[in-house]
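A short worksheet on the structure shown next.
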Amino acid sequence: MKKEYSKKTLEEITSKFPQVTVKIHGPRRTYLRTPREIVYDFAEFLFKEKGFRLSIATGIDTRDGMEIIYHFTHDAAGTYYNIKTLIPKDDLKIKSLTPFLPAANWIEREMHELLGVDFTGHPDLKPLLTAESWPADLHPLRRDYQNEHKNLKFKKKA
Amino acid sequence: MGNAKLWGLKKSPWVFHVAAASCNNCDIEILDILTPRWDVERFGIVLVGSPRHADALLVTGVLNRKSLPRVIDVYEQTPKPCLVIGVGTCTCHTHMFEPSYNVVGPYNKYIPVDVYIPGCPPKPEAIILGVVKALKRL
Amino acid sequence: MNIVRILFQYIVFPGFIFSGIVGLFLTWIDRKVTARVHWRVGPPWFQPYADFLKLLLKETIVPENSSKTLFLLAPLLGVISMSILAVMLFSMNFNPTGTFVGDIIVIIYLLALPPIGIILGGSASKNVLAGVGASREMTQYFAYELPFLIAVVTIILKAGGSIRFGDIILVQQASGPFLYSLSGVIAAVVILLCIQAKLSFVPFDIPEAEQEIMAGPYIEYSGVTLAMYKLARAMMLFLLPLFLISLLWGGFANWWAIPKFLLIIVLIVLIKNTNPRLRIDQVLKFFWIGIGILSIIGLILAYYGL
């Protein structure tokens, strides 16, 4: 059942969104590389019509740009469908998935504060995990962060 | 400290658990020592719900920039005399987490720690031994 | 009346010190039996006394923005009312003709004071969690006071309608304890569950639920004030089963009272160990609907002489 579901879904996806390239990585993982502009529509199609579930989203700073992956899963297929997008580093904007997908709210906040990606359309993009005294425009998980604020001392002592 | 005060503190240390950015392994081990296998209530140790009732603070985890003001607040709210016991190797020294942007150094830069219990996580017997050594130091 | 004798009765025996010591010993029995039920070894016999001594000698912290006088005086309400209750109970049982008319009403008011102490103390500390705990204590008090009063009225009916506590004991000594009748059994069950709720034992310990609101109304207390709260609870653990024995089982002026007392303590501890905690709306429903109807049935049966 799983294999037929996967094959049927992939055929439907490639017929509807021809810019998406499919790479089957293994029996349970399929990478779908999409350009930045159709991520929103594609994710909406997956979530609303096919019933996929957002598991997590990851972001990583690579040489070719910022790579953001949204990991969707489907229980009947038993596989991960990862939507990979590449964002150029001088224009770090992508349309946020939060308006129709509340699960993406916090993970996009975390990616914004640690990597500096701006999610347009996000209702409340304030920092989630870093301390209140941490400056909001320092993004520590970028490759060119030099740990220059390591000894920012806290004033209170016991 | 007077003799009666010392006897009271030694025979019934009430413990409050402060988890400052730990990976929760040490927290599970602290929960273990209250179970019937290593029953720690026979020493009078009770897990209380408020730092104002506590005599000993069990701190776990590497000190984070975000949890630092909270840990200092909890320490100042505990009525003295109080023991601070650091459970786990993360409290002894920041070891491999030192280069991180969020780590602000070992605990004894901010609050006075009495006993460190190394181990990742320390076995429940090691935690009991550490608490007993801390009580003997009083 | 000799002033030294009065002070001795209220402070030493059977007032403050005696009921304090026996009450703390009963909390040890509770902890030891609980530990044995969990297959553990429990604390040694001097544990509650060590706890009390340690709390007396620790630093007492008063929060800055709280109402300081109320914060420091609220724990004393429970202790003082329980000392007075101890003296009244002992004098009634050993001298049933020397009581005054209406003293059962005085006892009901005295039993209402420890929860009021908790509510005032929780509201006086400037802490949101303490306020939540105090409001839960208020709700629980409303819940169990109604069936408790109906059960006491049941017993007053069975004693011929007089509200002197001494009369209740004399009638039981003359014609057998009230427990050996159907309405007596119902009243005993109702009062036992109300004792469980008054002591804030599981399944009714929602006011100080540790996992939710971090010690509830006691959250800001430390040192001497906390010791007084714990002492008030210990004294209640000693005096409330005695109250139950006096109302329903013939008074405790003879040696048979000791096994009866231990049976009630064991029942309380067993109910404590075998039940999960009820939510506050479940507590209200349980006491007003379930136990309330049961107590009204007991009242009707007592009216018809059963």
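The label-point distance for A:L138 and C:T97, in a model that sets each label 7 Å from Cα toward Cβ, rounds to 8.8 nm. A simple count of charges around B:G8, restricted to other residues whose Cβ falls under 11 Å of its Cβ and scoring Lys, Arg +1 and Asp, Glu -1, yields +3.
Relative contact order for the range A:1-65: what percent, with Cα pairs under 8 Å and sequence separation of 6 or more?
16 percent
Between A:K3 and B:I28, the modelled label-to-label distance comes to 3.7 nm, taking each label 7 Å out from Cα in the direction of the beta carbon. Can you list the DSSP H helices in chain C whose Cα atoms extend at least 27 Å along the helix axis and whose mean Kyte-Doolittle hydropathy is 0.0 or higher? Membrane-span-like by this rule: C:16-37, C:68-94, C:103-124, C:128-158, C:224-248. Sorted largest first, the principal axis extents computed over the alpha-carbon atoms of the range C:205-306 equal 50, 37, 23 Å.
With the simple model of a label 7 Å out from the Cα in the direction of the Cβ, A:T62 to B:E125 spans 5.0 nm.
Look at the Cα gyration tensor of the range C:220-280: its axes a ≥ b ≥ c give a/c of at least 1.5 with a/b at or below b/c, and that counts as oblate. Contact order for chain C, expressed relative to its length and based on alpha carbon pairs under 8 Å spaced 6+ residues apart, stands at 27 percent.
With r defined as the distance between the Cβ atoms of A:T14 and A:K126 and R0 fixed at 30 Å, what FRET efficiency is calculated, to the nearest 0.05? Taking R0 as 30 Å, the efficiency between A:T14 and A:K126 is 0.20. Remark: for residue pairs A:K48/A:K95; A:K16/A:K89; B:K10/C:K126; A:K8/A:K48; A:K8/A:K50, the C-alpha separation exceeds 21 Å in A:K16/A:K89; B:K10/C:K126. The range A:63-97 and the range C:232-297 have Cα centres lying 62 Å from one another. What is the distance in Å between the Cα centroid of the range C:138-189 and that of the range C:1-61? Going from one Cα centre to the other spans 29 Å. The angle separating the long axis of helix A:2-16 from the principal Cα axis of greatest extent in chain A is about 80 degrees. Oblate is the label for the range B:8-129. Its Cα gyration tensor axes, ordered a ≥ b ≥ c, give a/c of at least 1.5 and b/c at or above a/b.
List the relative contact order of chain A as a percent without decimals, with contacts defined as Cα pairs under 8 Å and 6+ residues apart.
Relative contact order for chain A comes out at 17 percent.
Taking the range C:125-149 and a reference point 7 angstrom along Cα→Cβ of C:L284, the backbone N atoms nearer than 16 Å belong to C:132-147.
Coordinate-derived values only; no laboratory data. If you're wondering where the values come from, they're calculated on a predicted model, not measured in any experiment. Glycine gets a Cβ as well: all are built from the backbone with ideal geometry, and neighbour counts include every protein chain shown.
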